[in-house]
Amino acid sequence: MRSIDPTSISERENYKFLIGSIIPRPIAFVTTLSEEGVLNGAPFSYFNIVSSNPPMISLSIQRTEGRQKDTARNIASLKEFVVHMVDEQNVEKINKTAASLPPNQSEIELAGLTSIESVKVSVPGVKEAKVRLECVLEQSLELGGVNSPGCDFIIGRVVQYHIEDDIYAKGRIDPRGLAAVSRLAGANYAKIGDLFEIERPK
């Protein structure tokens, strides 16, 4: 087995090693509002659950040469955002939102997504997602980097859930119905494959 010191390889090589080995990764499609009122949308696969009591999620938003992305800047300003699950039906449109646009241009309009009003936050969500989570900022940390931060690590507290009726019964979500897609490396994605059960030891 090969052994590699992360400090001996480039940032790009570290990136490729991590995204190639930590798979599959869930994808959060995040909507935010700019100070000018522009609805921003972007997908992130450095995303996961932090806690269920209270319900919290995490996003790691990478910086480019120390510069914050619109999503991180908007969350820091308004302290509200909406997270959507990416699925087989919406992944093509959401992939279009990964394009680099100026802050005054909406990725939601570019991708032909439909905005929908939220219940507890001022940031709209998108109608095309089967699950969306209205969030408020719990904590934000600047992490990594040599001369300036390499990423914004954001913890959001979920204040409202939205889910399609036909995939939710008795407090459980049907994974086949959700049809979430996950991120691999490069241009590769994965669908839900074979399901199997293993009982946890008592």
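The values are calculated or read from the model by the stated rules, or taken from the named source; none is laboratory data. Treat the numbers as computed from the prediction; the structure is a model and nothing was measured. Methodologically, a virtual Cβ is constructed for each residue, glycine included, from the backbone with ideal geometry; neighbour enumeration extends over all protein chains shown. Heads up: the accessible areas ignore ligands, DNA and RNA and are worked out on the full protein's heavy atoms, side chains in. Shrake-Rupley method; radii C 1.70, N 1.55, O 1.52, S 1.80 Å.
What number of residues within segment 5-39 satisfy the criterion of being within 24 Å of Cys135 (Cα to Cα), β-branched (Val, Ile, Thr) and out of contact with any helix residue (DSSP H, G or I) (no Cβ under 6 Å at 6 or more places or on another chain)?
Total meeting the criteria: 3.
If you check every pair at least six apart or on different chains, which have Cβ atoms under 7 Å apart with a residue in segment 57-71 that is more than 24 Å from Arg132 (Cα to Cα) first and a residue that is of a type outside the set (D, E, K, R) second?
Arg63/Pro149; Arg63/Gly150; Arg63/Cys151; Gly66/Gly145; Gly66/Ser148; Gly66/Pro149
Within the bounds of segment 144-157, is there any residue that is in contact with a Cys (Cβ under 6 Å, 6 or more places away or on another chain) and at pLDDT below 95?
The answer is yes, given that some residue of segment 144-157 is in contact with a Cys (Cβ under 6 Å, 6 or more places away or on another chain) and at pLDDT below 95.
Among the residues of segment 116-128, which ones are surrounded by 17 or more Cβ atoms within 10 Å (Cβ to Cβ) and assigned to a loop (DSSP other than H, G, I, E, B)?
Across segment 116-128, the qualifying residues are Ser118, Val121, Val123, Pro124, Glu128.
Contact list please: Cβ distance under 6 Å, first residue in segment 15-28 and in contact (Cβ under 8 Å) with a residue 60 or more places away in the chain and over 16 Å from Gln62 (Cβ atoms), second residue open to solvent by less than 60 Å² (accessible area, probe 1.4 Å) and in a strand (DSSP E or B), pairs at least six apart or on different chains.
So the pair list comes out as Pro24/Ser182; Pro24/Ala190; Pro26/Phe47; Pro26/Ser182.
Leu110 is checked against (1) under 30 Å from Thr7 (Cβ atoms); (2) hydrophobic (A, V, I, L, M, F, W, C); (3) modelled with pLDDT under 95 and fails just one. What number does that condition carry?
Of (1) under 30 Å from Thr7 (Cβ atoms); (2) hydrophobic (A, V, I, L, M, F, W, C); (3) modelled with pLDDT under 95, only one is false for Leu110: (1).
Out of segment 167-191, which residues are touching a residue at least 24 places away in the same chain (Cβ under 8 Å), in a strand (DSSP E or B) and farther than 19 Å from Glu92 by Cβ?
Passing the criteria: only Ile173.
Is it the case that segment 95-115 has a residue that's open to solvent by 40 Å² or more (accessible area, probe 1.4 Å), within 11 Å of Thr31 (Cα to Cα) and not aromatic (Phe, Trp, Tyr)?
Looking for residues that are open to solvent by 40 Å² or more (accessible area, probe 1.4 Å), within 11 Å of Thr31 (Cα to Cα) and not aromatic (Phe, Trp, Tyr), one finds at least one in segment 95-115, hence yes.
Determine which single condition Lys202 fails, assuming it passes every other condition in (1) modelled with pLDDT under 95; (2) in a helix (DSSP H, G or I).
Of (1) modelled with pLDDT under 95; (2) in a helix (DSSP H, G or I), only one is false for Lys202: (2).
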